[in-house]
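Each remark here refers to the structure printed beneath this line.
The values are calculated or read from the model by the stated rules, or taken from the named source; none is laboratory data. What you see is a predicted model; the values in this text were computed from it and never measured. Heads up, the Cβs are rebuilt from the backbone with ideal geometry, glycines too, and the neighbour counts pull from every protein chain shown. Protein only, heavy atoms only, side chains kept; ligands, DNA and RNA dropped before computing areas. Shrake-Rupley method; radii C 1.70, N 1.55, O 1.52, S 1.80 Å.
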Amino acid sequence: MATKIVKKGKGIKLQEVAANKLTKVKVGLGWEVRKGGQLDLDASVFMLGKDKKLPSDEYFVFYNNLQSPDGMVRHKGDNRTGDGIGDDEEILLNLPYISPMVHELRFVVSIYDAQVRRHNFGNLEEAYIRMIDLETGGEILHYDLDAEFSDDTEVEFAKLVRDGDGWQFVPTELGTKIGLQGYVDRFIPEL
């Protein structure tokens with residue numbers, strides 16, 4: 001099956017783009033830094049319940065918490081330079097077995113220490129998110145980011161939302177300057 005190129009604001013059911021029932025997938029994030037620059041981007045996943053909040057801190061998967069409590073979302077580790085060919089950071093998902101209390105996965109990429117270093121997404125080019133079916137090795141979704149985030153220090157690329165017994169991929173493309181902690185604060189339940 002050919003890769004589905006996704007446009008901003010257009011969600012797509014994963015079962016519509018895969019040749020088989022998707023189970024194990026890889027979400028790959030990639031970027032290139034403009035000539036003469038170096039940035040440390042960090043991919044994170046916020047696993048949210050029906051209330052759009054984290055069920056507990058452990059459902060925030062990032063470079064200091066590489067696996068969700070159910071073991072079904074796994075971060076492959078931090079790439080501090082973006083050097084190399086292919087995806088710079090990878091997150092593995094076992095979709096059918098993600099805890100039923102999780103209704104949404106939000107994928108956020110932040111620039112490490114952006115305020116202090118005065119870095120932003122304007123220092124990047126060719127940023128993308130893609131999804132690979134690990135059973136077939138085929139790329140099923142590819143979403144390119146454009147240059148509209150030149151002043152932002154974090155971007156919520158996309159979310160996966162439960163859709164019956166499957167998942168829907170929705171590119172959200174939301175840029176902010178709130179820092180990764182700002183996202184954590186947004187998704188922590190109020191006491």
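Here's the yes/no breakdown for (1) within 15 Å of the chain's Cα centre (by Cα); (2) of a type in the set (D, E):
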position: L124; (1), (2): no, no
position: A127; (1), (2): yes, no
position: R130; (1), (2): yes, no
position: T136; (1), (2): no, no
position: D151; (1), (2): no, yes
position: F157; (1), (2): yes, no
task = Of all residues in segment 146-172, count the ones that are among the charged types (D, E, K, R), touching a residue at least 40 places away in the same chain (Cβ under 8 Å) and buried (at least 18 other Cβ atoms within 10 Å of the Cβ).
result = 3
query = Within the set of pairs 6 or more residues apart or between chains, which connect a residue that is among the basic types (K, R) inside segment 37-61 to a residue that is modelled with pLDDT under 95 with Cβ atoms less than 6 Å apart?
reply = K53/F187; K53/P189
key: Residue selected from segment 107-132 under the condition open to solvent by less than 30 Å² (accessible area, probe 1.4 Å), in contact with a helix residue (DSSP H, G or I) (Cβ under 9 Å, 6 or more places away or on another chain) and not β-branched (V, I, T), by the criterion modelled with the highest pLDDT   = M131
ask   = Out of all the residues in segment 133-145, which are at pLDDT below 75 and open to solvent by 30 Å² or more (accessible area, probe 1.4 Å)?
value = D144
